[in-house]
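Here the structure is laid out as structure tokens; the discussion comes afterwards.
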Amino acid sequence: MSMHSIEAEPFPLPFDEAATALVIIDMQRDFVLPGGFGEKLGNDTSLLLAAVAPTQRVLELARQKGMLVIHTREGHRPDLSDCPPAKLTRGGQTFIGTEGPMGRILVRGEQGHDIIHQLYPKAGEPVIDKPGKGSFHATDLHQILLDRGIKTLIVCGVTLEVCVHTTVREANDRGYECVVLSDCVASYFPEFQRVGLEMIKAQGAIFGWVSNSKEFIAAMG
Ligand code: TIU
């Protein structure tokens, strides 16, 4: 056991370093760079880049301390057999599986589907390939966390109100305590970033805590 306490809202959270994992959600080219899924949906992808440098600092420290680091990627099999028709044709438009400048959009094995080089997984760090917005749906993430005795998740990634929120809600229901680092998550919508963080910590940490990279680094001492 190596106990710490992180300054967070709505109140500080004690955590055991050995039972804590860093989870970095969907820092894929398809979301954070032009030409991918995020831009196809009409978004300005540059807004997401603000989360990269703080997440790099958190990742570096987690690696130094030997913490479990987990990366996730949203995407589908090349034959799209794991993509529900309702997701494939959402809004009457089809982007998933179509050719873009970074390969087929949200398809595993394509350049756009992979994680940006700044946050690229190291050997031994589990990468969870997920077909949904949540990281627990149709994946082995829960099993991996259970096997390592993980109780607390430090959460970074994009986008806050979609894949980060869904994952934190799923994790909370499975008994994990989640701390979302506000400067290590991002949204295409500044208003959603603000209110998305509020939602997590409201009502006495209704499904999680909100802190930031500086407080995580300070807590790890
Ligand atoms: N569109 C959007 O905001 N997000 C997603 O589709 N996926 C993730 O958040 N990763």
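The values are calculated or read from the model by the stated rules, or taken from the named source; none is laboratory data. A quick note: this is a predicted structure, and the numbers were derived from the prediction, not measured. Please note: Cβ atoms are built from the backbone with ideal geometry, for glycine as well, and neighbour counts cover all protein chains shown. Accessible surface is based on the protein model in full, side chains and every heavy atom, while ligands, DNA and RNA are left aside. Shrake-Rupley method; radii C 1.70, N 1.55, O 1.52, S 1.80 Å.
At a glance:
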| read-out | value |
| --- | --- |
| Amide H contacts of residue 128 (H built 1.01 Å from N, under 5 Å, at least 5 apart or other chain) | 71, 72, 73 |
| Violating pairs (Cα-Cα greater than 25 angstrom) within the set 122/201; 151/201; 65/151; 40/87; 130/151 | 122/201 |
| With Cα atoms, 0 to 90° folded angle of helix 190-205 axis to the chain main axis | 40 |
| Isolated Cys residues of the chain, judged by Cβ distance under 4.7 Å to other cysteines | 83, 163, 178 |
| Kirkwood Rh and Cα Rg combined as Rg/Rh, segment 97-221 | 0.97 |
| Accessible-area order (highest first, 1.4 angstrom probe) of the listed residues 199, 1, 27 | 1, 199, 27 |
| Label-to-label distance, nm, for residues given as residue 125 and residue 50 (7 Å Cα→Cβ offset) | 2.3 |
| Cα-projected label distance for residue 63 with residue 137, points at 7 Å along beta-carbon direction, nm | 3.1 |
| GluC sites (Glu not before Pro) within segment 56-127: DSSP coil, no more than 12 neighbouring Cβ in 10 Å | none |
| Global size of segment 138-177 as Cα Rg and Dmax, reported in angstrom | 10.2, 28 |
| Hydrodynamic radius (Kirkwood) for the chain, which is based on Cα pairs only, to one decimal in Å | 17.4 |
| Isotropically averaged projected area of segment 80-129, using the convex hull of Cα atoms (one quarter of hull area), nm² | 4.4 |
| Rounded tilt (10° steps) of 52-64 against the dominant C-alpha axis of the chain | 50 |
| Net length gained if the chain between residue 90 and residue 174 were fully extended (0.36 nm per residue, minus Cα distance) | 27.4 nm |
| Per residue, in Å², the accessible surface of segment 1-123 once ligands and nucleic acids are set aside, probe 1.4 Å | 46 |
| Radius 13 Å from Cβ of residue 16, net charge of other residues (Lys, Arg +1; Asp, Glu -1) | +1 |
| Lys, Arg +1 and Asp, Glu -1 on Cβ, resulting dipole of segment 36-183 about Cα centre, debye, nearest 20 | 180 |
| Three semi-axes of the equivalent ellipsoid, segment 71-169, Cα gyration tensor, whole Å, largest first | 24, 16, 13 |
| Under-5 Å amide H pairs with residue 180, H placed in peptide plane, nonlocal only | 155, 209, 210, 211 |
| Over the chain: helical MRE at 222 nm, DSSP H runs n ≥ 4 each giving -39500 (n - 2.57), nearest 500 | -8000 deg cm²/dmol |
| Cα shape, segment 24-98, gyration tensor, a/c 1.5 rule | oblate |
| In nm, spacing of pseudo-spin labels at residue 189 and residue 147 (7 Å Cα→C-beta vector) | 3.8 |
| Per DSSP, loop trypsin sites (Lys or Arg not before Pro) in segment 90-155 with at most 16 further Cβ within 10 Å | 108, 122, 148, 151 |
